[in-house]
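Some notes on the structure that comes next.
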Amino acid sequence: MTLGFRYDVEILHLLVSPSHAYFGRSRDGAADVATTDADSVVVVEGKGIVGDRFFGKAAHMDAAVTLFAVESLEAIAAGLGTAPFDPLLPRRNVVLRGAELTPLIGQDFALESRNGRVDLHGGRHAHPCAWMDRVLAPGAHKAMRGRGGLRCRPLTGGTLHRGPAVLLSPVRLDPASAHIASVLRPGRLP
């Protein structure tokens with residue numbers, strides 16, 4: 001895999017949760033589940049993050065690890081006129097600063113942190129759920145569309161660490177655009 005572009009990023013948070021917190025009706029409130037903001041996580045090829053709710057689940061193999069640009073969350077809060085949001089509330093696994101994610105859809109890329117590297121395949125947008133209106137602020141669900149993160153399949157195993165990291169990409173990225181909502185739409189048939 002040719003990864004000709006290097007971007008300095010920061011892994012701000014590594015969220016691991018053994019079960020879902022947002023299911024059912026939001027009026028019933030989120031489930032009380034243990035969630036860890038880890039210093040490091042172990043990623044297993046084809047399975048995901050050890051200890052996470054999506055680890056080894058067949059339905060989530062192509063989307064077992066979710067990356068999220070914190071700049072998107074900051075833009076959503078600013079657009080809604082609220083105080084900054086807790087970046088763990090959207091429940092994305094890897095919260096990054098300095099990473100434009102949308103161009104990585106359909107691409108193989110890598111994250112290096114400390115002495116480790118994990119290769120990933122960018123699968124699809126991580127679409128927000130209606131719970132965002134309840135746990136973040138009214139209007140957050142709509143504002144988060146197109147900037148809810150990137151669902152990925154781990155191509156290699158390794159360990160990711162919180163702190164300075166490098167994103168290796170086969171395509172040029174614009175870190176200054178990390179907060180911009182994607183307007184990618186499925187193509188039309190002829």
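Values quoted throughout were computed directly from the atomic coordinates according to the rules given, and no laboratory measurement underlies them. Quick caveat: nothing in here was measured; it's all calculated off a predicted structure. Quick reminder, even Gly has a Cβ in these numbers, built from the backbone with ideal geometry, and neighbours come from all protein chains shown.
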(message) Could you work out the relative contact order of the chain? I mean the mean sequence separation of Cα pairs under 8 Å and 6+ apart, divided by the number of residues, in percent.
(response) 31
(message) Per 0.36 nm of contour for each residue apart, how much would the distance between THR36 and LEU3 grow if the chain were fully extended, relative to their Cα-Cα spacing?
(response) 8.8 nm
(request) Just the number, please: percent antiparallel of the DSSP beta bridges in the chain, rounded to the nearest 5. (result) 90
(request) Note down the magnitude of the dipole of the range 38-190 about its Cα centre, charges +1 on Lys and Arg C-beta and -1 on Asp and Glu C-beta and zero elsewhere, to the nearest 20 debye. (result) 420
(request) Using label points projected 7 Å from each Cα along Cα→Cβ, tell me how many nm separate VAL50 and ARG117, to one decimal. (result) 2.1
(message) Please compute, over every Cα-Cα pair in the range 136-176, the percentage with a separation greater than 16 angstrom.
(response) 64
(request) Between LYS142 and ALA83, with labels modelled 7 Å along Cα→Cβ, what's the label distance in nm to one decimal, could you check? (result) 2.5
(request) Would you please classify the overall shape of the range 68-190 from the alpha carbon gyration tensor, given that a ≥ b ≥ c denote the square roots of the eigenvalues, rounded means a/c under 1.5, and beyond that prolate means a/b larger than b/c while oblate covers the rest? (result) oblate
(request) In nm, give the distance between the simple-model label positions of ILE105 and GLU74, each being 7 Å from the Cα along the Cα-to-Cβ direction. (result) 2.4
(message) Within 10 Å, at most 11 other Cβ atoms, and a DSSP state outside H, G, I, E, B define an exposed site. Report the longest part of the chain free of exposed trypsin sites (Lys or Arg not before Pro).
(response) 26-171
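Based solely on its DSSP helices, what 222 nm [θ] is calculated for the chain when runs of n ≥ 4 H residues each add -39,500 (n - 2.57) and the sum is averaged over all residues, nearest 500 deg cm²/dmol?
Details: 3 runs with 20 residues, N = 190.
It comes out at -2500 deg cm²/dmol, rounded to the nearest 500.
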